[in-house]
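Chemist: Just dropping this structure here.
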Amino acid sequence: MTAAGRPVRCGRCGRIAGHAARGPPVIGPGMTSRAKQLTAMIAIGLGLLFPQQVECGYPGGECAAPGMKRQMCSAYEVEPLGFYLVEWLVGRNVGFAYSRGQTCR
């Protein structure tokens, strides 16, 4: 703090002094608003591609059937998180999956 009560600013970037201990900024000061928007859209798009295992083909589906040795078996799909969210909203299977199979417990 200065004598006038204002915080001391960094001569290099203009932020409050003492920020170097926190590390460099993640997004550079030269990044335009459009570049930030594009980066956010790409990150969200990639996030929606993460695999999600869904029992019975869609969220909330009921498909358990008795298997061998007193086990309950059900079908599952591994699908992108984006499709999982769509199926959750519409309440039925959309029909796209990375893989399908059956599991018994």
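Chemist: If you check Gly47 against the conditions, is it small (Gly, Ala, Ser), at pLDDT below 85 and out of contact with any strand residue (DSSP E or B) (no Cβ under 7 Å at 6 or more places or on another chain)? Let's see the steps before the verdict.
Modeler: Details: small (Gly, Ala, Ser): yes; at pLDDT below 85: no; out of contact with any strand residue (DSSP E or B) (no Cβ under 7 Å at 6 or more places or on another chain): yes.
Against the criterion (small (Gly, Ala, Ser), at pLDDT below 85 and out of contact with any strand residue (DSSP E or B) (no Cβ under 7 Å at 6 or more places or on another chain)), Gly47 does not qualify.
Chemist: Does Glu55 satisfy the condition of being touching a residue at least 12 places away in the same chain (Cβ under 8 Å) and acidic (Asp, Glu)? Walk me through it before giving the result.
Modeler: Values: touching a residue at least 12 places away in the same chain (Cβ under 8 Å): yes; acidic (Asp, Glu): yes.
Considered against the rule, which asks whether it is touching a residue at least 12 places away in the same chain (Cβ under 8 Å) and acidic (Asp, Glu), Glu55 comes out as yes.
Conditions (1) surrounded by fewer than 14 Cβ atoms within 10 Å (Cβ to Cβ); (2) on the phi > 0 side of the Ramachandran plot; (3) in a loop (DSSP other than H, G, I, E, B); (4) out of contact with any Gly (no Cβ under 9 Å at 6 or more places or on another chain), marked per residue:
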{"position": "Gly57", "(1), (2), (3), (4)": "no, yes, yes, no"}
{"position": "Gly60", "(1), (2), (3), (4)": "yes, yes, yes, no"}
{"position": "Cys63", "(1), (2), (3), (4)": "yes, no, yes, no"}
{"position": "Lys69", "(1), (2), (3), (4)": "yes, yes, no, yes"}
{"position": "Cys73", "(1), (2), (3), (4)": "no, no, no, no"}
{"position": "Glu77", "(1), (2), (3), (4)": "no, no, no, no"}
{"position": "Tyr84", "(1), (2), (3), (4)": "no, no, no, yes"}
{"position": "Glu87", "(1), (2), (3), (4)": "no, no, no, no"}
{"position": "Asn93", "(1), (2), (3), (4)": "no, no, yes, no"}
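The values are calculated or read from the model by the stated rules, or taken from the named source; none is laboratory data. Quick caveat, the model's predicted, so the values are computed rather than measured. Using ideal geometry, Cβ is built from the backbone for each residue, glycine included, and neighbour counts are taken over all protein chains shown.
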